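Here is the structure we will look at.
The values are calculated or read from the model by the stated rules, or taken from the named source; none is laboratory data. Predicted, not measured: the structure shown is a model, and the values here were computed from it. Please note: Cβ atoms are built from the backbone with ideal geometry, for glycine as well, and neighbour counts cover all protein chains shown.
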Amino acid sequence: MTPGPLRRRLLNEAMAGVVQRSSRSGMTIVGIAIGVASFVAVLGVTASANGQISDEFLKVEATQITVSPRSAGSGTDPLFVSDADNRVTQIDGVTATGRWWNVPNVTVSVNPPSIEPGSSQPSLLAATPGYFELVGAEISSGRAFDGFHTDQPVAIIGDKLARDLGIQDVTDQPIIVLNNLRVTVIGVVSGTTGSSAALTSVIIPAEFARHNFAPPGQRETMVVVTEVGASAVVADQLALALDPANLTAYEIVPPPKPTVVKDRVNGSTQALFFALAGICVLVSGVGIANVSLLGVIARTREIALRRSLGALPRHIALQFLGESAVRGLLGGLVGTALAMASVTVIALSQQWTAVIEPWSLVAGPLMGVVIGAAAGLYPAIRATKIEPVEAFRR
């Protein structure tokens, strides 16, 4: 018999064996479908989860750039130009910017004194108007200072400090004393979304602090907030915007990229899921091999009859491998369909975007064929070793 008709006949016999033994075929197909569905579903869930992880990392990606002078300068000369904030806000991608520094050796008091002698003094911050937007300050009473108050004797205080000083309302323009300077409290900060220093400090305009207290030197820091994903581009332009004549005058520290952490998380997730999927496939293959071996034992007389009629051992092996491959193909198709449905349901329940790799639609059925053939290999070899005389004698 030529190879073409022989292959067709073996395929027909394999299909007939699958159909005639529907219960055993059904068990095998279900086992393969479970294994394939587990593996393909893991591919889909892993891709969907990694996509969600990437989105979350992008959402929380750090967007703050820190800028500080490299040298302390001399005397009272400012290390940032007066319109530094305005220059930076002109850069595309910048959403907020501000500068501040801690003013040392300043005593805060009111008349009569509310802070007990010997107790710790609140910190004094000098800031530009953009500071309040940077920290997301919530003003519960009064207002924050703006460009009009640049060199005015005004202050914003945190609500905790306001309680310590006995200030409940700023409508009467309460006065606090900074060393010997009287300043008017025009606002109270009740909450922030960023630094909590504003809740316990006295905040005064930057130029007022520069003219009346020690120069900030390198303590003055600028923070620039950018849109998500724009920090690297903005950081490259800051030096030119602040001092075109001296591009190394400032130390510019962009936020760290979360790519390394994200890749490690994705890699760990994939390794865990693939290990679980591999276990499912292994268990499925062992179960299918057992079912196929029982099928060989149950069909001993049939195999003996075929051998008596002239079938060679390789024909018997090909028949059983063909049956296993057909069952594997059917199980792979069913398992792939189940996996697609599972990935979609899981993604919808978690409010994710379902990600299904196109190649997995082909990999699932092929994996079913491989699992079926591999699981049926030993039973097929076992079938070729059955001797007709011994089989009939039993």
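Condition first: touching a Pro at 6+ places or on another chain (Cβ under 8 Å) and either among the charged types (D, E, K, R) or more than 22 Å from Ile139 (Cβ to Cβ) (or both). Now tell me which residues in segment 176-192 satisfy that. First the steps, then the outcome.
So the first thing to find is which residues in segment 176-192 are touching a Pro at 6+ places or on another chain (Cβ under 8 Å), and the list is 181-185.
Passing the criteria: Leu181, Arg182.
In the list Arg314, Arg327, which residue meets the criterion of being surrounded by 15 or more Cβ atoms within 10 Å (Cβ to Cβ), in the same structural domain as Gly31 (by TED's automatic domain parsing) and modelled with pLDDT under 80?
Unique residue meeting the criteria: Arg327.
Exactly one of these conditions fails for Thr193: (1) touching a strand residue (DSSP E or B) at 6+ places or on another chain (Cβ under 7 Å); (2) surrounded by fewer than 21 Cβ atoms within 10 Å (Cβ to Cβ). Give me its number.
(1)
Return the pair list, or none, for Cβ contacts closer than 6 Å from residues in segment 179-201 that are within 20 Å of Asn105 (Cα to Cα) and not assigned by TED's automatic domain parsing to the domain that holds Asp151 to residues that are in a loop (DSSP other than H, G, I, E, B) and not β-branched (Val, Ile, Thr), at least 6 apart or on different chains.
Once the first residue is within 20 Å of Asn105 (Cα to Cα) and not assigned by TED's automatic domain parsing to the domain that holds Asp151 and sits in segment 179-201, no partner that is in a loop (DSSP other than H, G, I, E, B) and not β-branched (Val, Ile, Thr) comes close enough.
Across segment 138-150, what is the total count of residues that are in contact (Cβ under 8 Å) with a residue 24 or more places away in the chain and either surrounded by fewer than 23 Cβ atoms within 10 Å (Cβ to Cβ) or on the phi > 0 side of the Ramachandran plot (or both)?
Total satisfying the criteria: 9.
Has segment 52-74 got any residue that is part of a strand (DSSP E or B), more than 30 Å from Val234 (Cβ to Cβ), modelled with pLDDT of 65 or more and not assigned by TED's automatic domain parsing to the domain that holds Leu312?
The answer is no, given that none of the residues of segment 52-74 is part of a strand (DSSP E or B), more than 30 Å from Val234 (Cβ to Cβ), modelled with pLDDT of 65 or more and not assigned by TED's automatic domain parsing to the domain that holds Leu312.
Within the bounds of segment 184-192, is there any residue that is in a loop (DSSP other than H, G, I, E, B) and not hydroxyl-bearing (Ser, Thr, Tyr)?
Taking every residue of segment 184-192 in turn, none turns out to be in a loop (DSSP other than H, G, I, E, B) and not hydroxyl-bearing (Ser, Thr, Tyr).
Are any of the residues in segment 193-203 polar (S, T, N, Q) and not in a loop (DSSP other than H, G, I, E, B)?
no
Starting from residues that are of a type outside the set (Lys, Arg) and exposed (fewer than 15 other Cβ atoms within 10 Å of the Cβ), keep the ones in segment 151-176 and report whichever is nearest to Ala214 (Cα to Cα).
Asp151
Scanning for something more than 21 Å from Asp83 (Cα to Cα) and out of contact with any Lys or Arg (no Cβ under 7 Å at 6 or more places or on another chain), does segment 199-211 turn up at least one residue?
Taking every residue of segment 199-211 in turn, at least one turns out to be more than 21 Å from Asp83 (Cα to Cα) and out of contact with any Lys or Arg (no Cβ under 7 Å at 6 or more places or on another chain).
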